[in-house]
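These notes concern the structure reproduced below.
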Amino acid sequence: SAPNGIAGLETVFIEHPDLVLLDIIMPVMDGLAMLQALRKDSWGASVPVIILSNLSDDKIREASQAQHTQAYLIKTDWTLEDIVAKIHATIGE
């Protein structure tokens, strides 16, 4: 976890997680900007990303899909158990 988008980006580049769970609304750097920066990196171009947000804006959803995200989940529509299941399904566990 990270307190903002820049710290999140730094963390994923250091730790190389199996998956990035990304919110759109974050301080300092929003999730879409972080996603675009992540996708410019050779490792970051292929890491699975799931967006988990309160925003249901179609333009934001389309922008995230253009960056090859695995899913765009609206927080209020998913239980924690469903989110964990989606993560496991995405990383093949």
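The values are calculated or read from the model by the stated rules, or taken from the named source; none is laboratory data. Computed from a predicted model, the values in this text were never measured in an experiment. All Cβ positions, even for glycine, are placed from backbone atoms using ideal geometry, and neighbour counts span all protein chains on display. Accessible surface is based on the protein model in full, side chains and every heavy atom, while ligands, DNA and RNA are left aside. Shrake-Rupley method; radii C 1.70, N 1.55, O 1.52, S 1.80 Å.
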Original post:
For the range 30-64, which residues satisfy the criterion of being of a type in the set (Gly, Ala, Ser) and either in contact with a helix residue (DSSP H, G or I) (Cβ under 6 Å, 6 or more places away or on another chain) or under 24 Å from ASP77 (Cβ atoms) (or both)?
Top reply: GLY31, ALA37, GLY44, ALA45, SER53, SER56, ALA63, SER64
**OP:** Looking only at the range 81-92, decide whether some residue is open to solvent by 40 Å² or more (accessible area, probe 1.4 Å) and in a loop (DSSP other than H, G, I, E, B).
**Re:** yes
Subject >> Considering residues of the range 9-29 that are touching a helix residue (DSSP H, G or I) at 6+ places or on another chain (Cβ under 6 Å) and free of Cβ contacts under 8 Å to residues at least 60 places away in the same chain only, the residue farthest from ILE91 (Cα to Cα) >> reply: VAL28
**OP:** Among residues belonging to the range 51-80 that are assigned to a helix (DSSP H, G or I) and hydroxyl-bearing (Ser, Thr, Tyr), point out the one that is farthest from GLN36 (Cα to Cα).
**Re:** THR76
Original post:
Given the structure, is LEU38 at pLDDT below 95, surrounded by 12 or more Cβ atoms within 10 Å (Cβ to Cβ) and either of a type outside the set (D, E, K, R) or touching a strand residue (DSSP E or B) at 6+ places or on another chain (Cβ under 8 Å) (or both)?
Top reply: no
**OP:** State which residue is least open to solvent (accessible area, probe 1.4 Å) when the search covers only the range 41-80 and only residues that are hydroxyl-bearing (Ser, Thr, Tyr) and free of Cβ contacts under 8 Å to residues at least 24 places away in the same chain.
**Re:** TYR72
Original post:
Taking the range 1-35 only, how many residues are under 12 Å from the mean Cα position of the chain (by Cα), crowded, with 16+ Cβ neighbours inside 10 Å and part of a helix (DSSP H, G or I)?
Top reply: 8
